[in-house]
Each structure stands twice: as C-alpha cells, then as structure tokens.
Amino acid sequence: MTGARPQSDSEARVARILAEHEGVEGGCLMVLQAIQRAFGYVPQEALAPVARALGLSQADVHGVLTFYHDLRRAPAGRRLVRVCQAEACQAMGARSLTDALSGRLGVALGGTSEDGVSLEPVYCLGNCALSPAVTVDGVMQGRATEDRVMAALEDAT
Amino acid sequence: MIFYVSADSASVSVGADRLAEALAAEAAARGIEARIVRTGSRGLYFLEPMLEVETAEGRIGFRPDGDIRAAVASLFDEAFSPGSAGCLGLVEDLPYLRRQERLTFARCGIVDPLSIDDYRIHGGFAGLERALAMAPQAIVDEVAESGLRGRGGAGFPAAVKWGAVQGATGDVKYVCCNADEGDSGTFADRMLMEGDPFLLLEGMAIAGRAVGASRGFIYVRSEYPAAIRMLRAAIDRARGAGWLGPDIGGSGFGFDVEVREGAGAYICGEETAMLESLEGRRGMIRPKPPLPAVEGLFGRPTVINNVLTLAAVPTILARGGAFYRDFGMGRSRGTQPFQLAGNIRRGGLVEKAFGVSLRELVEDFGGGTASGRLLRAVQAGGPLGGYIPEAMLDLPADYEALAEAGFMLGHGGIVVFDDSVDMLRQARFAMEFCAHESCGKCTPCRIGSVRGVEVLDRIAAGVQPQRNLALLDDLCTLMTDASLCAMGGLTPAPVRSALRHFPEDFRRPAAAAE
Ligand SMILES: Cc1cc2nc3c(=O)[nH]c(=O)nc-3n(C[C@H](O)[C@H](O)[C@H](O)COP(=O)(O)O)c2cc1C
Ligand code: SF4
Ligand code: FES
C-alpha cells in the first residue's frame, strides 16, 4: 500500500466507487467505507471528488470522516492487532494482556511499531463469554493470550 | 455420519473451524462418509469448540480436549461412543440448556442458518404467513397482547411504537433494525444474526406489514463482519424463495431489506444517531421531538427496534400474544436472552422468562467466577449500567425490579468481576468511555466526562479526597440532569453505583502534598 501510485489510478478507483454508489440515498459513509476498503485508508485527495459527486461540501465529508473511529486518514501498519478494552474483557485480564502485547511489540496502544504492527483498542467484539478477545488482521481470537496473538502474527506474515 | 459444528464467530475464535476441518480430514482418511453441518451457536460458549453427532436418540455432544486432530482421531477410534473422552451426552439434556426457555433462540445452534428448508421445518415463517392474512391493526393488537417491550435497553412497549408509525401519515415508511449492539457483555444480537438470520428478516417483514412499510434497514456494527455476511446471504435466499420482495407469498405485500454497516461509534446505537449514520452523516443525536415514529429515516415515519425485539415477533404471531405473555413477571413479559460474560466459568447465552434472579443466572447457570476467586460485582446493562454488589444478586432480572434498586437490565448482558477488580478504576473507565464515545453535541457529556476522568485520577492519587469526591458527585448530578441523551445521562450510573456499594475502593492513601 506504499510507494508511488500513479495519480490517475487512484482517481479512477475513487471514480469507480462513486459510480457504484450512484443513486444510493445517504451514501456518504458507505462511499468512505468503500474507499477505505480499497486503499486501506481515506486519502485526502478523495474528499473533493466525493463531495462533488454527492452534492455535499468538503467540510461535510470531512466531518463524516473524522466522526467515526473506524475511518483512517492515514494507512495502518501492515499488520493490525485490535485488543478489546471493554468491561467483560477487562474482567478477564485485558489490561495486562494489552500491556504484555505492548511490551512484546514495542508499541503503545494506539501506535504502530517499527516493523509495522499497529496495536489498537476496540470496544467489544461480541465475544464477551470468551474474553479476552483480540483480532489479528480481522481474525478473532477468544480466550486470547499473549502467546497466541504473537503466534498468529508470526504465522502468516 | 452427520456432524454439527458451530460456525458462529465466537465459536470459530476458539477453534471451531479447525475442529470441522479435522472431522472432515479424519473421516476422509478412514473412508467414512461424513456430512458436517455448520450451524450457529447453541450459546454454550464455555464448551466451545464442541461437536455434535446425530444419533437415534438425538444429538450427542463432544468436547475434544488438547490437540484437536488427535482428539478427533480417538473419537473415531471409539466410534463416538458415549463413554469416549469429552462426551457431553445428549446436548438437549445438558442442564444449562434444559433449564432455559428458548423461544427466540429455539433454532439457533440446531439448524443450518442459511437453509430455508431447515427454517420451515422448525416452524419458520409461520408467523409471517399468519400476519399476511391479518389486518395490520390486528398484528399490532397481537403484539400489544404479548406485552413485548423493546430489548435494546429502554424497554418501551413495541406495540405502542408500531401503532404510532401505523397511524403516521406518509406513503413511504421504514423499519429499521438496531443491530449496533455496543454494550460490553452482550452478544445475543450477533448470535442470532449469525445463527438464525431468517428469524430477524421474518420479524422485520411482520413489522413492515403492521405499519405499512415496504423497506427495512439493518444497521450492523462493523465489529460484526460475519453477521453482516450472513444477513446479506440470508436476504438473497429469502428473496430467491419469495419471502422478501415485491409480492410475498402472493399476498400483494412487498418488503425488502438492506444491510448497512456501522463504522465504530458506540453512540450510533442510540436510535437518532443511528438514523443520522444510516443517512451517511456524523452520528450526532437528533433532538426529540420529532419522534422517529413520525419523522425518522430520511424524514419518514420509522419503526426502530432492536434485533431481539423484532426476533421475538414471529413467535408471537405464530403462537399468539397470550402464549408469549404467559412467560415473565409483572410488566416484563416473555423471555429475555441473558448473556453471561466476563469472569464467569460458564459464559454463554441463557434465554429465560423475566424474573429469574441474577444469582440463579450467575451461579446456577454461570458456575461463579472463571478465576475461582470470590465474585465481587456484576455489571448489568452495559457501560451505562450500574455495578451490582454480590450481596444484591438475589434481585430478580426484570425491568422494574432492577430499576427500583437503581440498576438497569439494558440489553441483558451480565458481566462478572471477581475480587481483584478495582472499582475506582471501573468508575474511571465509565467516564473515559463516555469521553471517547460522546457525540459532542452537549457540554455536560463532552466536557463532563473528561473532567470526571481527571477528578477520579486525583481521588486515586489521594489528592484532597473529600473535596474531589464532592466534585465528582456534582459532576454526576450535572451529567444526569443536563445531558441531551442517555450517553451522558447514564454514564454516572456505573460511577455512582461503584461509589455507593464499594466506597472502600475510593479511599486511597493520602498524597504527600499538593
Ligand atoms: C448511548 C446509547 C446506545 C444505545 N445502543 C443501542 C444498541 O446498540 N442497540 C439497541 O438496540 N439499542 C441501543 N440503544 C437504545 C436505542 O436508542 C433505542 O431505544 C432502541 O434501539 C429501540 O429499540 P427497542 O425498542 O426494540 O429496544 C442505545 C441507546 C443509547 C442512549
Ligand atoms: S449526552 Fe453525549 S452523546 Fe448524548 S447528545 Fe450529549 S454529547 Fe451527544
Ligand atoms: S467486552 Fe471484549 S468482546 Fe465484548
């Protein structure tokens, strides 16, 4: 997701996404989500074409982009670890699990390590009977442990 | 042989896919013909990963221990006989299931979630069929008779809401299902969407028929990708079979459903913020009035109900309002899917009539703490719900009884904490979470929660405890009285319950100096 990408290519991809959502009522959030799926984040350059296509101001689109925790304005690391921080997981040691992972990966919660692992909080994954819960690149672990999370990171790099 | 293994995302998170693969591989290696049906979850999460084998007597459960492939191999060696290691006996006879009253979750974990045939065989679409032959008002009356109240947290009578939308003028109306399920300790919506998605679609179609809506939206949080996939697949199949679409069952009634995905914002579970988000905007609270029943999605009259509310409706239509009403106590009628979570030995889903005591849920079903330590508190009702001390667990789980004691049932999640919990820290988290998730529209919530964190930090550090505890109390009063919605308005509930019932945790060693 890094390196030079030809301007025209990303513009074309945004245009394609906009075309796919043409006529969708209230489609701004959906369009931004689709852009993020395609790019890994929502590039600043996408705001103008999105605003134009949806008949909104750029400030409106920016407002939506900054409201939602899921939407990123910069790419995440190449690996993404999300550790549930909500109450049921707290009751099963989520805080010490977070600290342990933070130490092993060399990154504070909310940051990205030097070798590109992002460690992020999430508030409930609906797996509260099998806490603590973690996702590694979207794959969920219940009864998560430091070792299982690290193994998943080593598994498929 | 026929095997059943849950494909529910929580089951998968502890190895259900690996178990299904091992079964398939082992059967193939032995030349045994095996059909592996991937079901939803039974809600027996503490036993996952587990498998079930079809026998003449019923389904027998096994819980392979240790290395999955080796355990599966030895089960084949022993021909899955009841004496094999990890045998659970007849699954339906497990006390955890036998003592439940499963109405909404009757099929979940048993059927293939995407099989319309399975759904029909197990009584599916009987409610919608009946509703199609009824006058809209009669449907609302049937729901009124059942006493069904909203399962999303506020407990508002469903029929009153439906009646308002039915009576609202407008040729376009909507049914919106709130599947944001943001409360920690809750997973029943997810389990149902993954395990019995047709039930939700059927409930929505009945609601549409009752109020005169032809389109439905399901707003699902992005943390539930499997539920989103499952719902979309179920919608396709229901359309294919004529249970959704322009003319359902030749009745002339048309109804269709679209899934929209959230984007990680707890506040979008509040119904007006959800409408804003469905319309693609920032999830800011709308002032009420106008009520969504009058001016809801895209300005049209809109029914908004939680997943479990809508999923209770097919049973009510199929078996009658009186049947449903006969479960429960007081003004809390029917059954509630309780979710046992956190530090609990047997975490899972327990559907029981209202009125079961918290202690019965947490001890008899849940088996106490997972850690084996003393149980100190349970939080009911999610991050806006209070912390209930162990001594009060005999409270019955119904809306009024809990409210009278200053607590809230909410969406039915019960999170257990052992005696290692620091209640000051939990109170701080409540404020921190509110600061993180506030929509920012009003000051008591947006600023008050940030101040709350600071004050609690000072109390934790032993700085001027008397003064800061008084400040915290003022802050809680302000947030309760002056917030626009329940996010800011109820955040003081966990804080105050912690202060009231666990005051010892707020007495910290005094700071040396200021
Ligand atoms: C901060 C906040 C979060 C909420 N989250 C949810 C939620 O995740 N799911 C839900 O169904 N209701 C949630 N609610 C309640 C909804 O506003 C609304 O009452 C409910 O969806 C109505 O459906 P019901 O009558 O079927 O319960 C929330 C309310 C507040 C104030
Ligand atoms: S109480 Fe909080 S979440 Fe609710 S409207 Fe005010 S700022 Fe928004
Ligand atoms: S609180 Fe962590 S998964 Fe629900």
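Given a Förster radius of 35 Å and the C-beta distance between B:ARG325 and B:GLU258 as r, what FRET efficiency does 1/(1 + (r/R0)^6) yield to the nearest 0.05? Working shown, then result.
Details: r = 33 Å, r/R0 = 0.93.
That pair, B:ARG325 with B:GLU258, gives E of 0.60.
Please report the antiparallel percentage of DSSP beta bridges with both residues in the protein assembly as shown, rounded to the nearest 5.
Details: 37 of 69 bridges.
In the protein assembly as shown, approximately 55 percent of DSSP beta bridges are antiparallel ones.
Mind checking the dipole of the stretch B:2-98: about its Cα centre, +1 per Lys or Arg Cβ, -1 per Asp or Glu Cβ, Debye to the nearest 20? It would help to have the intermediate numbers written out before the result.
Details: 9 positive and 15 negative charges, 31 e Å.
Using only the charged Cβ atoms, the result is roughly 140 debye.
What is the sum of charges around B:ASP77, taking Lys and Arg as +1, Asp and Glu as -1, for the other residues whose C-beta is under 11 Å from the C-beta of B:ASP77? Walk me through the numbers on the way to the answer.
On the way: positive: B:ARG30; negative: B:GLU26, B:GLU78.
Neighbourhood net charge equals -1.
Among B:LEU374, B:LEU291, B:ILE36, whose Cα projects farthest towards the positive end of the dipole of chain B, with charges put on the beta-carbon of Lys, Arg (+1) and Asp, Glu (-1)?
Farthest towards the positive pole: B:LEU291.
Using only the Cα atoms, work out Rg/Rh for the stretch B:423-513, with Rh taken as the Kirkwood radius, to two decimals. Mind showing how you got there, number by number?
On the way: Rg = 12.4 Å, Rh = 12.8 Å.
Taking Rh as the inverse mean 1/r over Cα pairs, Rg/Rh reads 0.97.
Find which of B:ILE248, B:VAL143, B:MET191 sits farthest along the positive direction of the dipole of the stretch B:116-325, computed with +1 on the beta-carbon of Lys and Arg, -1 on that of Asp and Glu, about the Cα centre.
B:VAL143
Note down, for chain B, the three equivalent ellipsoid semi-axes (square root of 5 times each alpha carbon gyration tensor eigenvalue), biggest first, whole angstrom.
On the way: eigenvalues 286, 208, 75 Å².
They are 38, 32, 19 Å, listed largest first.
How far is it, in nm, from the label point at A:VAL24 to the one at B:GLU78 when both lie 7 Å from their Cα along the line to the Cβ?
Placing both labels 7 Å beyond Cα along the Cβ direction yields 5.2 nm.
So what does the Cα-only Debye profile of the stretch A:25-92 read at q = 0.15, 0.21, 0.23 Å⁻¹, as log10 I(q)/I(0), no solvent term?
Here the Debye-derived log intensity ratios amount to -0.55, -0.85, -0.95.
Using a simple spin-label model with points 7 Å from Cα along the Cα→Cβ vector, what separation in nm is obtained for A:ALA108 and B:ALA85?
Simple spin-label model gives 4.7 nm for this pair.
To the nearest 20 debye, what is the magnitude of the charge dipole of the stretch A:8-100 about its Cα centre, counting +1 on the Cβ of each Lys and Arg and -1 on the Cβ of each Asp and Glu? If you can, show how the numbers build up before the last one.
Details: 10 positive and 10 negative charges, 79 e Å.
Computed charge dipole of the stretch A:8-100: roughly 380 debye.
Considering the options B:SER332, B:TRP162, A:GLN141, tell which one lies farthest towards the positive end of the dipole of the protein assembly as shown, charges being +1 on Lys and Arg and -1 on Asp and Glu at the Cβ, about the Cα centre.
Sorting the options by dipole projection puts first B:TRP162.
Please work out how much length the chain gains when fully extended from B:ARG425 to B:HIS122, using 0.36 nm per residue of separation minus the C-alpha to C-alpha distance, in nm with one decimal.
Numbers: separation 303, 0.36 × 303 = 109.08 nm, distance 4.69 nm.
So the extension gain works out to 104.4 nm.
With a cut-off of at most 16 other beta carbons within 10 Å, and DSSP calling the residue loop, which GluC sites (Glu not before Pro) in the stretch B:1-64 qualify? Please list them.
Numbers: sites: B:GLU21, B:GLU26, B:GLU33, B:GLU52, B:GLU54, B:GLU57; in loops: B:GLU33, B:GLU57.
Passing sites in the stretch B:1-64 are B:GLU33, B:GLU57.
For A:VAL139, what charge total do you get from the other residues with a beta carbon under 13 Å from its beta carbon, if Lys and Arg give +1 and Asp and Glu give -1?
Working: positive: A:ARG79, A:ARG82, A:ARG148, B:ARG18; negative: A:ASP137, A:ASP155, B:ASP17.
Result for the local shell: +1.
How long are the semi-axes of the equivalent ellipsoid of the stretch B:116-325, defined as square roots of 5 times the Cα gyration tensor eigenvalues? Whole Å, largest first. If you can, show how the numbers build up before the last one.
Values: eigenvalues 110, 79, 53 Å².
For the stretch B:116-325, the semi-axes come out at 23, 20, 16 Å.
Of all DSSP beta bridges in chain B, what percent run antiparallel (nearest 5)? The partial results should precede the final answer.
On the way: 30 of 56 bridges.
That works out to approximately 55 percent antiparallel.
Angle check, please: helix A:146-155 long axis (alpha carbons) against the longest principal axis of chain A (alpha carbons), in degrees 0 to 90, nearest 10.
Orientation of helix A:146-155: about 50 degrees from the principal axis.
State the percent of C-alpha pairs, over all pairs in chain A, separated by a distance greater than 25 angstrom. If you can, show how the numbers build up before the last one.
Working: 5076 of 12246 pairs.
Above the 25 Å cut-off, chain A has 41 percent of its Cα pairs.
Place a +1 charge on the Cβ of each Lys and Arg in the protein assembly as shown and a -1 charge on the Cβ of each Asp and Glu, then give the dipole magnitude about the Cα centre in debye, rounded to the nearest 20. Let's see the in-between values first.
Working: 67 positive and 83 negative charges, 195 e Å.
The calculated dipole for the protein assembly as shown is roughly 940 debye.
Once Rh for the stretch A:74-157 is found with the Kirkwood sum over Cα pairs, what is the Stokes-Einstein diffusion coefficient at 37 °C and 0.692 mPa s, in µm²/s? Walk me through the intermediate numbers first.
Values: Rh = 12.4 Å.
Stokes-Einstein gives a translational diffusion coefficient of 266 µm²/s.
Residue separation times 0.36 nm, minus the C-alpha to C-alpha distance between B:ARG229 and B:GLU400: what's the value?
Length difference between fully extended and current span is 57.9 nm.
How far apart, in nm, are the 7 Å Cα→Cβ label points at B:MET1 and B:GLU454?
Inter-label distance under the simple model: 6.5 nm.
Which value, to two decimals, describes the C-alpha radius of gyration of the stretch B:422-471 once divided by 2.2 N^0.38 Å?
Values: Rg = 11.1 Å, N = 50, 2.2 N^0.38 = 9.7 Å.
For the stretch B:422-471, the normalised Cα radius of gyration comes out at 1.14.
Regarding the protein assembly as shown, what is the average projected area of its C-alpha convex hull, in nm²?
Numbers: hull surface 123.0 nm².
Its average projected convex-hull area is 30.8 nm².
Hey, how much of the P(r) for the stretch B:335-418 falls beyond 18 Å, as a percent of Cα pairs?
Details: 999 of 3486 pairs.
Here the tail beyond 18 Å accounts for 29 percent of pairs.
First measure r as the distance between the Cβ atoms of B:SER357 and B:SER251, then evaluate 1/(1 + (r/R0)^6) with R0 = 51 Å and state the FRET efficiency to the nearest 0.05. Write out the running numbers ahead of the final one.
Values: r = 44 Å, r/R0 = 0.87.
Calculated value: 0.70.
Every number here is computed from the coordinates shown, using simple stated rules; none is lab data. Keep in mind it's a predicted model, so treat the numbers as computed, not measured. Here Cβ is always computed from backbone atoms with ideal geometry, including for glycine, and neighbour counts include all displayed protein chains.
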